[in-house]
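**Q** This is the structure, below, for whatever I ask next.
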Amino acid sequence: MRIYRERIPAISQGIVDGLIKDELIEVEAEFRGEVELDVESVLKEYRRADYELTEKARDLVSQRGLDYSHTFKLKSRLANERKFSLGEEAIDWITNQIVEILLQSRNVEEVFGEDHELRRSIAPVLKKELNVDSELDREVKKRIRNLSEGTSDYDVQYQQTLEQLRSANKLE
């Protein structure tokens with residue numbers, strides 16, 4: 001799952017809006033921005049940890065002299081060791097982290113919803129963002145299907161094509 005840095009404030013705002021609208025949390029008006037920052041911190045931590053795992057997996061592939069196609073397998077193994085979720089499972093991981101931070105935050109006046117109700121409100125916002133990502137991913141892969149996945153040429157072309165599509169769709 002890829003969360004674009006530029007989208008984090010909007011995602012956080014959408015999550016907090018939904019929780020307040022559903023009357024699952026109560027937040028004083030002056031602390032609303034702080035609650036959104038609390039949610040942002042979870043999303044930023046996910047991005048940081050995901051990047052760290054990717055780099056570690058790439059280093060291991062390089063050190064072991066493996067083909068780059070092994071990168072995702074190694075990343076998955078590292079993620080399991082750290083109890084970190086990737087792909088579709090990432091939504092559950094992020095949702096659980098957001099629930100925990102909301103329960104511990106001094107900026108949230110009151111939490112009225114049960115954990116499962118909070119998750120039910122948070123997950124659709126994250127899934128919507130994931131859908132944007134998966135649509136972009138499919139389009140990029142369609143455009144560069146002539147390259148072998150896992151090669152350095154593929155990675156470079158993937159990033160260039162992704163940036164072009166993001167610019168065209170104003171996702172930057």
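**Q** Taking the highest mean first, how do the peptides 81-91, 39-49, 9-19 order by number of other beta carbon atoms within 10 angstrom per residue? Display every interim value, and only then the final one.
**A** On the way: 81-91: 14.0, 39-49: 17.3, 9-19: 19.7.
Order by mean packing, descending: 9-19, 39-49, 81-91.
**Q** Net charge near H70: determine it from the other residues with C-beta under 14 Å of the C-beta of H70, scoring Lys and Arg +1 and Asp and Glu -1.
**A** +2
**Q** So how many Lys-Lys pairs in segment 5-129 land under 18 Å Cα to Cα, not counting same-chain pairs under 8 apart?
**A** 9
**Q** For segment 5-129, what D do you get in µm² per second when you plug the Kirkwood radius from alpha-carbon pairs into Stokes-Einstein at 37 °C and 0.692 mPa s?
**A** Working: Rh = 15.6 Å.
Estimated diffusion coefficient is 210 µm²/s.
Taken together, the values in this text are just the output of simple stated rules run on the coordinates, not laboratory data. What you see is a predicted model, and the numbers here were worked out from it, not measured in a lab. We place every Cβ from the backbone using ideal geometry, glycine too, and count neighbours over all the protein chains shown.
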